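The values are calculated or read from the model by the stated rules, or taken from the named source; none is laboratory data. Only a predicted model underlies this, so the values are computations on that prediction, with no experimental measurement involved. For neighbour counting, all protein chains shown are included, and Cβ atoms are generated from backbone atoms with ideal geometry for every residue, glycine included. Surface areas here come from the heavy atoms of the whole protein model, side chains and all, with no ligands, DNA or RNA. Shrake-Rupley method; radii C 1.70, N 1.55, O 1.52, S 1.80 Å.
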There are 4 protein chains.
Amino acid sequence: MASEWFEHLKRDFVQGFPAFCGFEVVRADFGRFETCLEVRAEHRQQDGFVHAGVIATMADHTAGYASFTTTSENFRILTVEFKINYFKPATGPLIICRSKVINNGKRIKVAESEVFSVSDGAEKRVSKGMFTQIAVASEDLG
Amino acid sequence: MASEWFEHLKRDFVQGFPAFCGFEVVRADFGRFETCLEVRAEHRQQDGFVHAGVIATMADHTAGYASFTTTSENFRILTVEFKINYFKPATGPLIICRSKVINNGKRIKVAESEVFSVSDGAEKRVSKGMFTQIAVASEDLG
Amino acid sequence: MASEWFEHLKRDFVQGFPAFCGFEVVRADFGRFETCLEVRAEHRQQDGFVHAGVIATMADHTAGYASFTTTSENFRILTVEFKINYFKPATGPLIICRSKVINNGKRIKVAESEVFSVSDGAEKRVSKGMFTQIAVASEDLG
Amino acid sequence: MASEWFEHLKRDFVQGFPAFCGFEVVRADFGRFETCLEVRAEHRQQDGFVHAGVIATMADHTAGYASFTTTSENFRILTVEFKINYFKPATGPLIICRSKVINNGKRIKVAESEVFSVSDGAEKRVSKGMFTQIAVASEDLG
C-alpha cells in the first residue's frame, strides 16, 4: 500500500548525514516530500547565515525522497547532478524544504526543491534547486 | 602580505557547519584552496556512500575560500548558485576537494571544485561542480 | 506606463539571433513573458527532434525578457549562467516557452522557463530551466 | 577504425540547427571535439554581443559529439541537462569551442565545453559549461 511505503520512507529519511544534520520529516505523498530543520549554531557559516551546504543537503535529500515515493523498495535513488540558487540569506530559527517530482521518468527523474526560512510564522523563500536522479535496481547496487 | 591572508583564511575556513562536518584545510594559494575529510559513519547516506550533501558542502565551502584568496578582508563571498555532478559513489575513508577560481570578476566570481575519494593512496574523481559567487563589501553585510 | 514598456519589449525581443531562429512573442506582463516557435527543418538535430540549443536559446531569451519587464530602459539584462533539463524529445510542430521571474533582486534576478511541445492542441512539457541574470546600468555597457 | 568513426562524426556534426547556425568542425579525437563559428549579424543579441543561445548551442552540440567519439554507431547521445556560465561578452569575429568528456560512464556521460572569443589571434575564454548526456541504443530511438 502506498501509505505504508510513505511511512517507511519518512522513517528511512532520518539516518546517516541527514540525521547528523538534524533534518525532520513533515509529510510525504506521491511525488512530494516536506522536511524541516531547527537551526542551531552548527548550521551556520562565517557570516551567521545558514550554510549553503545545509540548504543544499536538505534540498537534495528531500528531493531524493520525493522521487522515492514514486518507486518501490526494488529501487534506489541516486543523485546524478543538481543545481541550486540562493536568493537571500536564511536567518530565521526554522527552515522548511518542499520537494516535488517534476518529471517522473522510469529511470531518470527530475525533482525541484524550494527552501524557506521561517521567522515569526512568516515564510521567506531563500533557495530553489533542480535535481536529476537515477533510479537504480536495488540488486545492482550490491 | 598574501601569505598572511592565506593563513588567516585557513583558520577561518573551519567554523560553523564546515567545522561540524569535520572538514580540514590542506593548503591555500591565490585562487586555489584544498581541503580533506576523514569519512565517518555520520557522513554517509542510506546506501553507505558519502552523502551528496557532504560532497556539495565541501565543494561549495572550498570554492568559496578559493575566491576569498583573491580578495581582502574588506569583502565577503556569498554563493549565488552552484551546479554539481556526481560521477560515482564515494566509498573510500578519505575525501579530498580541490577548488580553483576560473573567472575572477571584480564582483561575480566563478570557481570549480573537484572532489576525490581516496583509497589506499589512489584518488578517484567522484564529483565536479561550478560555483557562482558574489563578492560583497563587508560593510554592506552589516 | 508599464503597458508601453511591455509593448516595447515585445518588439525588442525579435532581433538578432532570436529573429534568425524565428521566435515570436505571445504575451508579456510584469515578471512574465511567453513566446512560441513554428518548428522547421533547420531547428532539428540529427535524430529529428528539436535541437537542445533551440530550446535553450528560447528559454534563455524569454527568461531575459521576463526580467526586462521588471526594469526600465535604464537597465540591460545579461545572462550570468543557466541550467536546463530536457525531459523528453520535442517532436511537435509548435514550441511554446513560458518564463517568470522567481527572485526579483535589484541587481541579481532569477527566472524560470518552461518549454512545451504542442501537437494537436495538447501541450507536453519537454524542458525546464533556471536562469541567473544581472541587471547592468545601460550607461555601463557603453 | 577509430579514425573513420571520427571522420564520420565530423561530417555528421554539421546538419539541422548546427548547420543553420554555421558551426564548423576543427578537429575530433577520442573524448574530444573542437568547433568554430565565424560570427555574423544574425548571431548577436540586443547589445551586439554573441547571443547566449548561440554559445549554449555550440557548447551543447560540441559536447555531444565529444561523447559520440567514445561510442559506436549503435548509440545515440541525448542531452539530459546542462549548466553554462558566461564570463564576459563575446565580441570578436570568431568563436571556438573545445569540449571533452570528463566522466565516460557507459550510459551517463558528462562533458565540459569551453568557449573562446578570438580577436587578432588572441583567445579570451567567455564561457564554460557542464553537460550530462545519456547514451541510448540506436534501436531504442526508433
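For chain B, what does the helix formula give at 222 nm: sum of -39500 (n - 2.57) over DSSP H segments with n ≥ 4, over the residue count, nearest 500 deg cm²/dmol?
My calculation for chain B gives -7500 deg cm²/dmol from helical runs alone.
Measuring with a 1.4 Å probe in the full set of protein chains, what accessible area per residue, in whole Å², belongs to the stretch C:24-142?
36
Just need the relative contact order of the stretch D:1-122 here, percent rounded to a whole number, with Cα pairs under 8 Å and 6+ apart.
Across the stretch D:1-122, relative contact order equals 26 percent.
List the distances, in nm to one decimal, from the label point of D:Ala19 to the label points of the same position in every other copy, shortest first, placing each label point 7 Å from Cα along the Cα-to-Cβ direction.
2.6, 5.9, 6.3
Per residue of A:73-82, count partner chain C-beta atoms within 10 Å of its C-beta, then hand back the mean as an integer.
For this peptide, the per-residue mean of nearby foreign Cβ atoms is 6.
Can you list the distances in nanometres, one decimal and ascending, from the B:Ser119 label point to the identical position in each other copy, with the point 7 Å along Cα to Cβ?
For B:Ser119, the inter-copy label distances come out at 4.5, 4.6, 5.0 nm.
Kindly express, to the nearest 10 degrees and within the range 0 to 90, the angle between helix A:52-68's C-alpha long axis and the longest C-alpha principal axis of chain A.
Taking Cα atoms only, the helix is inclined about 30 degrees.
Determine which chain B residue has its Cβ at minimum distance from the rotation axis mapping B onto D, giving the value in whole Å.
Taking the axis that maps B onto D, the answer comes out as B:Lys83, 2.
Compute the accessible area of each residue in the stretch D:93-142 twice, once for its chain alone and once with every protein chain present, using a 1.4 Å probe on heavy atoms, and list those whose area falls by at least 20 Å².
Residues of the stretch D:93-142 that lose at least 20 Å² of accessible area once the other chains are added: D:Ile102, D:Asn103, D:Arg107, D:Ile108, D:Val110, D:Glu112, D:Arg125, D:Lys128, D:Met130, D:Thr132, D:Leu141.
Tally up the carbon and sulfur contribution to the accessible surface of the stretch B:19-100 as a whole percent, 1.4 Å probe, everything protein left in place.
Percent of accessible area from carbon and sulfur atoms in the stretch B:19-100: 49.
Starting from the exponent 0.38 and prefactor 2.2 Å, build the expected Rg for chain A from its residue count and divide its actual Cα Rg by it.
Normalised by 2.2 N^0.38 Å, the Cα Rg of chain A equals 1.02.
Give me the distance between the Cα centres of the stretch C:9-75 and the stretch B:22-77, rounded to whole Å.
38
Among A:4-16, A:126-138, C:68-80, how do they line up from the highest to the lowest mean number of other beta-carbon atoms within 10 Å?
A:126-138, C:68-80, A:4-16
In debye, nearest 20, what is the charge dipole magnitude of chain C about its Cα centre with +1 on Lys and Arg Cβ and -1 on Asp and Glu Cβ, if you could check?
Here the size comes out at about 400 debye.
Quick check: net charge around A:Ser3, other residues with Cβ under 14 Å of its Cβ, Lys/Arg +1 and Asp/Glu -1?
+1
Measure nothing but the geometry: give the 0 to 90° angle between the long axis through the Cα atoms of B:2-12 and the longest principal axis through the Cα atoms of chain B, rounded to 10°.
For helix B:2-12, the angle is close to 50 degrees.
Could you report the buried accessible area between C and A, both sides summed, computed with a 1.4 Å probe and given in Å² to the nearest 100?
Adding both sides of the contact gives about 1300 Å².
Can you check what the net charge comes to around C:Ser138, using other residues whose Cβ is under 11 Å from the Cβ of C:Ser138 (Lys, Arg +1; Asp, Glu -1)?
-3
List the residues of the stretch D:28-45 that lose 50 Å² or more of accessible area once all protein chains are present, compared with their chain alone (1.4 Å probe, heavy atoms only, no ligands or nucleic acids).
At a threshold of 50 Å² (probe 1.4 Å), the residues of the stretch D:28-45 that become less exposed are D:Glu42.
Across the stretch D:81-93, in residue order, what do the Karplus-derived ³J(HN,Hα) couplings come to in whole Hz, using 6.51 cos²θ - 1.76 cosθ + 1.60 with θ = phi - 60° and x for Gly and Pro?
Karplus-based 3J(HN,Hα) across the stretch D:81-93 equals 5, 8, 9, 9, 10, 10, 8, 7, x, 8, 10, x, x Hz.
Could you state the number of Å between the C-alpha centres of the stretch B:118-134 and the stretch C:110-142?
31
Hey, for D:Asn74 with labels 7 Å out along Cα-Cβ, what do the inter-copy distances come to in nm, ordered shortest first?
Relative to the other copies, D:Asn74 has label-point distances of 2.6, 6.2, 6.4 nm.
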